[in-house]
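Everything below concerns the one structure shown next.
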């Protein structure tokens with residue numbers, strides 16, 4: 001049950017977007033550029049993984065499920081394996097570059113000032129470009145916004161993780177601009 | 001020095017928009033929509049929430065400019081602003097309740113409690129005002145992290161801040 005009367009019963013950010021269409025537009029445009037734009041050397045799966053990881057750190061159930069399911073879809077990886085990666089990033093078998101970028105995203109989650117030169121250097125050493133470091137920080141920062149918006153207004157979320165996994169293939173096709181909020 | 005090659009002579013987040021122009025329409029759209037209207041919360045109150053969140057995120061660059069815009073719009077001098085940020089001095093009970101919500105959002109969205117929401121509503125805050133407070137607070141949790149996460153430093157002087165604040169207060173974020 002949301003803290004305010006959203007005048008709809010849609011879950012998570014979809015309820016907020018139906019309540020406030022004029023803010024939904026720039027929020028969706030931002031998600032589209034950050035997570036789906038093709039002019040990017042990070043894959044859509046890697047970018048969704050960053051969003052899911054930050055949502056997991058922020059304990060935002062709805063955003064974590066949506067974006068973990070999308071990451072799993074793009075990366076052809078069951079969400080159970082992604083859970084294990086989030087649980088122990090250091091021990092995971094992820095490629096060094098994405099691992100270093102996820103470490104930076106984790107720092108951004110605690111606060112922008114937590115990012116250090118050493119971590120940025122480590123990411124570069126692992127092959128990350130300036131643009132990839134930039135995008136990681138911005139995606140992590142954006143999810144610190146989305147997560148707070150969703151949880152700060154007390155929106156509800158389907159508890160069954162299968163709901164999100166089943167929706168992910170269609171969500172991957174539709175993207176964040178041309179989709180029906182009510183479906 | 002920023003962690004990536006940015007033109008730091010361009011003030012504030014504009015140097016980031018220059019680096020990554022693809023996000024400019026979304027960022028400006030968000031700022032114009034949320035910061036430049038007087039329905040419910042007025043522009044000065046919106047800027048104050050932005051400054052308040054930036055203050056608690058220790059993002060000096062954002063606090064300085066949005067604090068200056070808020071002060072300009074609310075007719076405050078530096079001492080008035082400092083008292084507000086430190087002690088919420090001069091805030092109406094309604095604004096105080098909204099600042100308390102924004103403070104919780106700064107920590108995590110989950111920290112907002114039904115009791116706090118009930119208190120804000122009892123003091124006359126509308127659903128729209130509560131929505132806008134939480135979204136503005138969330139937005140600045142993004143902007144603060146974007147700026148500080150990239151190690152961007154401000155070259156503003158007290159004079160340049162004043163000029164920029166006056167311009168933003170008058171013309172907004174669309175230009």
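None of the figures in this text is laboratory data; all of them are computed from the coordinates on show. Treat the numbers as computed from the prediction; the structure is a model and nothing was measured. When we count neighbours, we look across all protein chains shown, and the Cβ atoms used for this are built from the backbone with ideal geometry, even at glycine.
Write down the Å³ per residue value for the convex hull defined by the alpha carbon atoms of the protein assembly as shown.
Details: hull volume 45.5 nm³, N = 358.
It is 127 Å³ per residue.
Any idea what the alpha-carbon Rg over 2.2 N^0.38 Å comes to for chain A? Walk me through the intermediate numbers first.
Numbers: Rg = 15.9 Å, N = 183, 2.2 N^0.38 = 15.9 Å.
Relative to the rule-of-thumb radius for its length, chain A sits at 1.00.
At q = 0.15, 0.16 Å⁻¹, what base-10 log of I(q)/I(0) does the Debye formula yield for region B:14-171 when every alpha carbon is treated as an equal point scatterer in vacuo?
-0.79, -0.90
For peptide B:108-116, how many partner chain Cβ atoms fall within 10 Å of a residue's Cβ, on average? Don't skip to the answer; put the middle values down first.
Values: counts 10, 16, 10, 3, 6, 2, 3, 0, 1.
Per residue, the number of nearby Cβ atoms from other chains is 6 on average.
If each residue's Cβ is checked for other Cβ atoms within 10 Å, how do B:31, B:139 rank with the fewest at the top?
Numbers: B:31 20, B:139 26.
Sorted ascending by nearby Cβ count, the order is B:31, B:139.
Modelling each spin label as a point 7 Å along the Cα-to-Cβ direction, I'd like the residue A:131/residue A:181 distance in nm, to one decimal.
3.3 nm
Pop the C-beta distance of residue B:10 and residue A:114 into the FRET formula with R0 = 22 Å and round what comes out to the nearest 0.05.
On the way: r = 25 Å, r/R0 = 1.13.
Efficiency for this residue pair is about 0.35.
Hey, any idea what Rg/Rh is for region B:7-51, computing Rh the Kirkwood way over Cα pairs?
Values: Rg = 12.6 Å, Rh = 11.7 Å.
So for region B:7-51, dividing Rg by the Kirkwood Rh gives 1.07.
Once the convex hull of the C-alpha atoms of region A:1-63 is built, how many Å³ does it hold per residue, rounded to a whole number? Intermediate results must be reported in sequence, preceding the final value.
Values: hull volume 5.7 nm³, N = 63.
Convex hull volume per residue, Cα atoms: 91 Å³.
Given the DSSP H assignment, sum -39500 (n - 2.57) over each helix run of at least 4 residues in the protein assembly as shown and divide by its residue total; what's the result at 222 nm in deg cm²/dmol, nearest 500?
Working: 18 runs with 241 residues, N = 358.
Taking each H run of at least 4 residues, the total per residue is -21500 deg cm²/dmol.
Mind checking A:98-109 for the average number of partner chain beta-carbons within 10 Å of each residue's beta-carbon? Before the final figure, lay out the partial values.
Numbers: counts 0, 0, 0, 0, 0, 0, 2, 1, 0, 2, 6, 3.
Neighbouring Cβ atoms belonging to other protein chains average 1 per residue here.
For chain B, what relative contact order do you get, as a whole percent, if you take Cα pairs closer than 8 Å and at least 6 residues apart?
Values: 190 pairs, mean separation 58.8, N = 175.
With pairs under 8 Å counted, the relative contact order is 34 percent.
Go through A:68-78, B:79-89, B:111-121, A:173-183 and give me the packing order, highest mean Cβ count within 10 Å leading. Kindly include the intermediate steps, with their values, before the conclusion.
Values: A:68-78: 19.5, B:79-89: 13.8, B:111-121: 16.4, A:173-183: 11.4.
The peptides rank, most packed first, as A:68-78, B:111-121, B:79-89, A:173-183.
For region A:37-174, what relative contact order do you get, as a whole percent, if you take Cα pairs closer than 8 Å and at least 6 residues apart? Show your work: numbers first, answer last.
Values: 142 pairs, mean separation 45.5, N = 138.
The normalised contact order for region A:37-174 reaches 33 percent.
Rounded to the nearest 10 degrees, what's the angle between the helix B:60-74 long axis and the longest principal axis of chain B, both from Cα atoms, 0 to 90?
Once rounded, the angle reads 60 degrees.
With a Förster radius of 45 Å, plug the Cβ-Cβ distance of residue B:128 and residue A:91 into 1/(1 + (r/R0)^6) and report the FRET value to the nearest 0.05. Intermediate values should be presented prior to the final figure.
Numbers: r = 47 Å, r/R0 = 1.03.
Efficiency at R0 = 45 Å is approximately 0.45.
Mind checking which of A:47, A:14, A:131 has the largest fluctuation in a GNM of chain A, springs on alpha carbons under 10 Å?
Comparing A:47, A:14, A:131 in a Gaussian network model of chain A, the most mobile one is A:131.
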